[in-house]
Amino acid sequence: MNHSARRVDVSVFLGDRGPFLFQLDTGASMQACIDDDLARELGLEVVGSALNSDGRTTRRVEHVALESLRLGDAVFRDVTALVDDYSMVPTSSGEPLDGLLGFTLFEELLLTIDYPRERLVLRRGVLDRRAEGVVPFDDDGGIPTVRLMIGPRRLPFGIDTGMDSTIRLYDSDVGDLARGGDAPVVGLERSVY
């Protein structure tokens, strides 16, 4: 993996074609997304549609079925991928992005994102939620969410490797913090759409 610019870029094979540049996006609640140009190039058949949100805007987009998706030695079968334009999403290398891998793709595996060694580790097993160094999380609609203390408040934070910010704070909590004087506004963010 490459993670400069705070993004986790990986090489993916779709069937026997590739490698393609995908990003691991733990804030994406679907299995995968594929760029519309690549979906057309591969001749992927549209099998339905679903709502897609970038955190600000929600729209209906088509989805396709990927027979197989290979990441390293791990092969995922019958993957559902939303089809959209990902040309505006920045990558670590500056190359065009071919798609995203969502958190739910890994729901039956232990996923370790090893930033210092620039690698993803996928394995089977169960973590002991009480073990040292393990931070338990909730699955909030397919997005890993932890609770952190800000002042006297314990708030949910979505962990999103696809965002430039370190953690995502939900809009409803921002208002509460601002009213309590604990969270001054220091900047604004714009969605990719």
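Restricting the range 78-133 to residues that are open to solvent by 50 Å² or more (accessible area, probe 1.4 Å), free of Cβ contacts under 8 Å to residues at least 40 places away in the same chain and assigned to a strand (DSSP E or B) leaves a set whose member that is farthest from Ala28 (Cα to Cα) is Arg123.
Does Thr26 meet the test of being under 17 Å from the mean Cα position of the chain (by Cα), among the hydroxyl-bearing types (Ser, Thr, Tyr) and open to solvent by less than 30 Å² (accessible area, probe 1.4 Å)? Considered against the rule, which asks whether it is under 17 Å from the mean Cα position of the chain (by Cα), among the hydroxyl-bearing types (Ser, Thr, Tyr) and open to solvent by less than 30 Å² (accessible area, probe 1.4 Å), Thr26 comes out as yes. The residues of the range 55-74 that are within 18 Å of the chain's Cα centre (by Cα) and open to solvent by 60 Å² or more (accessible area, probe 1.4 Å), listed by number, are Arg56, Thr58, Arg59, Arg70.
Based on this model, can you work out whether Ser92 counts as over 17 Å from the mean Cα position of the chain (by Cα) and among the polar types (S, T, N, Q)? It is false that Ser92 is over 17 Å from the mean Cα position of the chain (by Cα) and among the polar types (S, T, N, Q).
Using the structure shown, decide if Ile143 is within 15 Å of Asp25 (Cα to Cα) and surrounded by 10 or more Cβ atoms within 10 Å (Cβ to Cβ). For Ile143, the condition - within 15 Å of Asp25 (Cα to Cα) and surrounded by 10 or more Cβ atoms within 10 Å (Cβ to Cβ) - is met. Residues to consider are Val47, Val10; find the one that is assigned to a strand (DSSP E or B), open to solvent by 60 Å² or more (accessible area, probe 1.4 Å) and either closer than 16 Å to Glu118 by Cα or not small (Gly, Ala, Ser) (or both). Unique residue meeting the criteria: Val47.
Taken together, the criteria exclude Pro136 from residues that are at pLDDT below 80, open to solvent by 40 Å² or more (accessible area, probe 1.4 Å) and not in a strand (DSSP E or B). Of all residues in the range 90-119, those satisfying the criterion of being in contact with a Gly (Cβ under 8 Å, 6 or more places away or on another chain) and within 20 Å of Asn52 (Cβ to Cβ) are Leu100, Gly102, Phe103, Thr104. Within the range 29-44, restricting attention to residues that are in contact with a Ser or Thr (Cβ under 8 Å, 6 or more places away or on another chain) and in contact (Cβ under 8 Å) with a residue 60 or more places away in the chain, the residue that is surrounded by the fewest Cβ atoms within 10 Å (Cβ to Cβ) is Ser29.
The values are calculated or read from the model by the stated rules, or taken from the named source; none is laboratory data. Everything numeric here is computed off the predicted structure, so don't read it as measured data. Virtual Cβ from ideal backbone geometry, glycine too; neighbours counted across all protein chains shown. The accessibility values were calculated without ligands, DNA or RNA, using every heavy atom of the protein model including side chains. Shrake-Rupley method; radii C 1.70, N 1.55, O 1.52, S 1.80 Å.
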